[in-house]
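Trainee: Let me begin by handing over the structure; questions about it come next.
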Amino acid sequence: MHDFFKSFRFKAILVLLAFLIGVMIFAVTKGGYSLSGASVVNTVTKPFKKLSNTVAVKIEANLDKITNATEYYNENQRLREEIGRLNSKLSDFQDTKAELEELRKFIGIKEKHEDMILSEPCKVIGFTANDPFKSFIIDKGSDNGIEPYCPVVTAEGLVGITIEVSADTSVVRTILSPDLSVGAVSTTSGDTGIVEGSISLAIDNNTKLIHVSKENNLDLGHLITTTDKSGLFPKGYSIGTVIETGVDSSGLSSYAVIKPAVRIEKLSSVMVITDFNGKDSSYYEN
């Protein structure tokens, strides 16, 4: 110990303390304050007090975490469960909102087409894999009064027709398909034709009005609707609008490219027309 007081380290510590005390005295006297023994001690020890207080706060916080860990865990679990319940309520709200929207559309169709008998809203449960014409499956079938060859619609327009029906599901062929032919007319010009899809147009979710007279008055923006000539579709249901016109390769007739009123690739629900005035029952029985 005697050697320590004579060592360079001890002398360095004394010099450092003397320097710090000198700086503190200068700072205080520069500000016009008088010094007392207590104030000098307070000034010297203030940084150490601050450090000790910081350490004490951290220790207290860590001790609190340790001693109350179970309580914090339980509270965390309670909050997680509460968040789960709120998310469930939000999901139920969104489902209810969607159902109400579908019912509103259902009522809208009934008001516009009072002669139709419609199924309840059907959910689209999946699109057919690798089908460029976007056929899909709905969650209603024969148990809901649906038969093959029933028109499938939304409030916006014609979607297609049922082709395969089980007790609780149905496959829908869309108007993008070349295997579905729909008698159609322009509500503006009165020009008629047949709506049939093609692989080239289906890529862009469009279809085609063919067998149109060369002496037609079709123009861009004309609304194309169904006719009742086949007995397969009700009259006057929207199909889509004309976005292009031209003469077919044979030169014998004209055509029009149709943008469907319904965005088939975005469908989440539809309705099925199970009966309507002018329906040809013999077609459905074959």
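Trainee: Please give the peptides 224-230, 119-125 ranked by average Cβ packing (other Cβ atoms within 10 Å per residue), highest first, as a rough proxy for protection.
Mentor: Result, highest mean first: 224-230, 119-125.
Trainee: Amide H to amide H under 5 Å from Leu118: which residues, 5+ apart in sequence or cross-chain, H placed 1.01 Å off N in plane?
Mentor: Close amide H contacts, sequence-distant or interchain: Thr274.
Trainee: Go through segment 150-228 and name the GluC sites (Glu not before Pro) that are in a DSSP coil and have 12 or fewer other Cβ atoms within 10 Å of their Cβ.
Mentor: In loop regions of segment 150-228 (DSSP not H, G, I, E or B), the sparsely surrounded GluC sites (Glu not before Pro) are Glu215.
Trainee: Ignoring ligands, DNA and RNA, please state the percent of accessible area on segment 159-253 from carbon and sulfur, probe 1.4 Å.
Mentor: Accessible surface attributable to carbon and sulfur in segment 159-253 totals 49 percent.
Trainee: So if we plug the beta-carbon distance of Asp219 and Glu71 into 1/(1 + (r/R0)^6) with R0 = 45 Å, what FRET efficiency do we get, rounded to 0.05?
Mentor: 0.05
Trainee: Placing +1 on the Cβ of each Lys and Arg and -1 on the Cβ of each Asp and Glu in segment 163-243, which of Leu220, Leu201, Ser177 has its Cα farthest towards the positive end of the resulting dipole?
Mentor: Positive-end residue among those listed: Leu220.
The values are calculated or read from the model by the stated rules, or taken from the named source; none is laboratory data. Every value quoted in this text rests on a predicted model; they were computed, and no experiment measured them. Neighbour counts are summed over all protein chains in view; Cβ atoms, including those assigned to glycine, are modelled from backbone coordinates with ideal geometry. Surface accessibility is based on the protein's heavy atoms, side chains included, excluding ligands, DNA and RNA. Shrake-Rupley method; radii C 1.70, N 1.55, O 1.52, S 1.80 Å.
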